[in-house]
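Read the structure below first, then the notes.
The values are calculated or read from the model by the stated rules, or taken from the named source; none is laboratory data. Only a predicted model underlies this, so the values are computations on that prediction, with no experimental measurement involved. Note that each Cβ is placed from the backbone with ideal geometry, even for glycine, and that neighbours are counted across all protein chains shown. When the accessible area is computed, the model is the full protein with side chains, heavy atoms only, and any ligands, DNA or RNA have been set aside. Shrake-Rupley method; radii C 1.70, N 1.55, O 1.52, S 1.80 Å.
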Amino acid sequence: MYYLCTMKKVFLFILLSLLPTASFTKGRFAYDFENHIADSSAVIPLPTRQQLHWQQKELMMFISFDPATWQGREYDNHSMPLDRINPRQLNTDQWCETAKSWGARTILFVAKHTGGFCWWDTQTSDYGVRNTPFKRDVLKELSASCRKYGLELGIYVYPGDDQWGAGIGSGGITKDPSKQEAYNKVYRQQLTEVLSNYGAVCEVWFDGSCKIFVNDILEKYAANAVYFQGEMASIRWVGNEDGIAPYPNWYTSTTNQSTALTCDAYGSVYAPVECDVPFLKHGGHKWFWAPNTDHMILSVDELMNLYYKSAGRGAVMLLNSTPDTTGLIPQSHVTRYREFGEEIRRRFGKPLKRTKGKGTSLILNLKRPTEFNHVVLQEDLKYGQRVLEYVIEVADVDGAWRQIAKGASIGQKRIEVFQPVTARRVRVLITDSKATPQLMNFAVYNAQSACDAQSGATSEQTFTVGSWNKDTYSDSEATDVTIDLTPFVTNIGQYELTFKPIAWEHLQDVPASITLSDARLEMYGQDRTADLQQVDGSTFRITRSQQTLDEFKTVLHLSVRKNGKSTGVIEISRITY
């Protein structure tokens with residue numbers, strides 16, 4: 001009998017080893033070899049080696065540099081003569097040093113943007129660096145600098161080209177069909193050059209997708225990369241340029257051609273999310289440098305907020321950088337990147353304690369009652385994204401456990417933030433999962449909020465208290481919803497709770513496609529609806545005017561109805577003045 005059981009396990013191992021590792025299949029039979037548990041009902045798409053490697057990078061730096069930089073524009077209109085494009089101080093080592101200062105592990109370089117200007121030595125176009133006074137092959141220099149500093153290199157080569165009548169969002173399709181075949185040859189040659197002559201690349205970015213056939217080029221020269229948009233896309237755009245990922249953030253969907261709207265915990269396609277965001281976004285939105293734009297630099301607090309809502313929700317954060325006309329990233333920018341990196345390291349450089357393991361419960365035993373306000377969770381994604389729901393609890397002095405946070409997706413990383421608690425023991429309970437949970441990190445931190453780098457005012461943390469997707473609410477009848485705000489409404493003051501849309505609604509600048517009604521507030525152990533004001537269709541204002549000694553709950557009750565496709569998060573923050 002032992003022999004037969006052993007042979008069955010060997011046969012199953014051989015069978016599984018022959019299954020494809022690519023994620024764009026209908027999933028794989030989940031098998032826990034360590035526990036010898038097979039679950040035929042769990043279909044868990046697994047990441048490819050390339051996807052897993054990319055996700056573990058977590059932080060990446062965009063470099064947006066183009067004739068538009070000289071024009072003070074976002075898109076090149078060909079108004080700057082080539083003989084005036086001469087970034088004499090350009091130093092790709094400085095770019096790499098800047099990236100490393102805030103923890104980026106990859107640089108994604110815009111080698112060609114919409115106007116068609118090429119930053120490498122190519123014969124495919126006269127509109128490029130070889131016909132400027134500068135003449136140097138910037139891509140070649142950057143590739144060498146990346147190797148020097150231990151960074152990986154990603155390539156952005158815009159599929160379109162204004163000079164060929166293939167404008168913004170065209171995917172490379174020319175307005176004049178008679179030019180299409182000729183442009184196809186040009187673009188294929190450009191992509192071949194940048195992927196074959198400058199060393200390995202980890203990501204290829206097709207902004208606006210790519211409708212020109214390039215699959216063979218990618219397979220030949222960039223087989224170890226992930227692809228952003230295009231027919232062979234292996235990662236997904238989040239659906240906005242705010243650097244904010246949805247929560248829950250599921251890496252699976254029904255198609256690789258999707259955004260946050262179509263994430264599905266039980267999808268058959270593994271395609272994780274990338275969050276791209278400009279560095280010049282304080283009161284504006286600029287991808288390329290322009291004079292007098294330092295006031296648009298994001299503060300450290302704003303950058304940390306984006307970090308929590310991208311990397312802290314399991315996405316890859318792609319933060320832009322903008323060299324100026326000298327070819328250097330401006331010193332004011334360099335300083336802020338360094339401050340950002342220092343703040344990340346200050347908060348998360350050293351945990352109070354950490355552990356890892358598998359199963360539905362992990363416990364951290366601290367040496368003494370210790371104060372902390374962050375928990376970081378990470379799954380071992382070799383086994384796929386398994387966790388569906390979890391709670392975090394601490395043990396009081398009497399040994400009883402109480403909940404301080406709960407969530408859904410974990411993936412590459414989930415950062416939970418809560419009001420400071422003091423405890424000797426903390427545990428995570430996985431309350432729902434596709435298969436045996438595999439956590440590679442469970443850590444606690446005590447990270448006090450920093451002051452705003454520009455104003456010196458204390459920054460209030462925004463907390464995510466819920467979320468919804470296209471399937472959460474009904475469009476035929478109202479759904480009764482209860483939101484426990486007790487851990488967040490703790491001090492006297494006013495708070496705003498917002499149903500915040502993600503993806504298409506956000507891009508169209510329209511309210512969330514949901515209707516909120518019959519709101520009722522429970523506070524101080526009584527009905528306090530009088531302290532609740534609905535500011536607009538998606539925002540409520542809560543006024544807490546009494547501080548009580550008893551631990552009364554603060555709970556919001558309301559009805560929600562969906563009016564169409566919609567996805568988003570529910571956030572609360574204390575109003576500051």
*Given H placed on each backbone N at 1.01 Å, which residues far from GLY128 in sequence or on other chains put an amide H within less than 5 Å of it?*
CYS118
*asked:* Can you give me the solvent accessible area of ILE168 with a 1.4 Å probe, rounded to the nearest 10 Å²?
replied: 110 Å²
*Give me D for segment 378-430 in µm² s⁻¹, whole number, from Stokes-Einstein with Rh from the Kirkwood sum over alpha-carbon pairs, 37 °C and 0.692 mPa s.*
270 µm²/s
*Accessible area in the full protein assembly, largest first, 1.4 Å probe, for MET232, MET440, MET523*: MET440, MET232, MET523
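In segment 155-233, which trypsin sites (Lys or Arg not before Pro) fall in coil by DSSP and have 16 or fewer other Cβ atoms within 10 Å? Could the numbers behind the result be given before it?
Values: sites: LYS175, LYS179, LYS185, ARG188, LYS211, LYS220; in loops: LYS175, LYS211.
Those that pass, being in a loop and sparsely packed, are LYS175.
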_Relative frequency of Cα-Cα separations exceeding 16 Å in segment 181-289, percent_ = 64 percent
_Defining a contact as two alpha carbons under 8 Å apart and six or more residues distant in sequence, what relative contact order in percent does the chain show?_
13 percent
*asked:* With only alpha-carbon pairs counted, each pair once and no self-pairs, how large is the Kirkwood hydrodynamic radius of segment 64-113 in angstroms?
replied: 12.6 Å
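Given 20 °C and 1.002 mPa s, compute D for segment 324-454 with the Stokes-Einstein relation, Rh being the Kirkwood radius over Cα pairs; round to the nearest whole µm²/s. Can you show the working numbers first?
On the way: Rh = 16.3 Å.
Diffusion coefficient, whole number: 131 µm²/s.
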*Return the Rg/Rh value of segment 71-145, two decimal places, where both radii are evaluated on C-alpha atoms and Rh is the Kirkwood radius.*
0.98
*asked:* Rolling a 1.4 angstrom probe over the protein chains, ignoring ligands and nucleic acids, what is the accessible area of LEU362 in square angstrom, nearest 10?
replied: 20 Å²
*asked:* Considering only protein heavy atoms and a probe of 1.4 Å, how much of the accessible area of the chain is carbon and sulfur, as a whole percent?
replied: 50 percent
*Looking at segment 92-198 from every direction and averaging, what is the projected area of its Cα convex hull in nm²?*
7.0 nm²
*Given H placed 1.01 Å from N in the peptide plane, which residues other than close sequence neighbours of LYS406 have an amide H under 5 Å from its amide H?*
ILE392
*Compute log10 of I(q)/I(0) for segment 176-224 with the Debye formula, placing one identical point scatterer on every Cα and leaving out solvent, at q = 0.16, 0.21 Å⁻¹, to two decimals.*
-0.47, -0.76
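Only bridges with both residues in the chain count here: give the DSSP antiparallel percent, nearest 5.
Looking only at bridges with both residues in the chain, the antiparallel portion is about 75 percent.
Please figure out what share of the DSSP beta bridges in segment 100-206 is antiparallel and state it in percent, rounded to the nearest 5.
On the way: 2 of 12 bridges.
Approximately 15 percent, going by the DSSP bridge assignments.
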*Which number gives the lysine pairs in segment 351-491 that have C-alpha atoms under 20 Å apart and are eight or more places apart or on different chains?*
16
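Accessible area, 1.4 Å probe, largest first: how do VAL110, VAL397 sort?
The residues order as VAL397, VAL110, largest area first.
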*Taking a quarter of the surface of the Cα convex hull of segment 260-380, what do you get in nm²?*
11.0 nm²
*With all protein chains present and a 1.4 Å probe, how do ASP137, ASP207 order by accessible area, largest first?*
ASP207, ASP137
_Tell me which trypsin sites (Lys or Arg not before Pro) from segment 37-146 have a DSSP coil assignment and no more than 12 other beta carbons within 10 Å of their own._
ARG88, LYS135
*If you compute Cα extents along the principal axes in Å for the structure shown, which of [x] 88, 67, 54; [y] 86, 62, 49; [z] 74, 73, 53 do you land on?*
[z]
*asked:* Based on alpha-carbon centroids, what's the gap between segment 365-424 and segment 52-67 in Å, whole number please?
replied: 29 Å
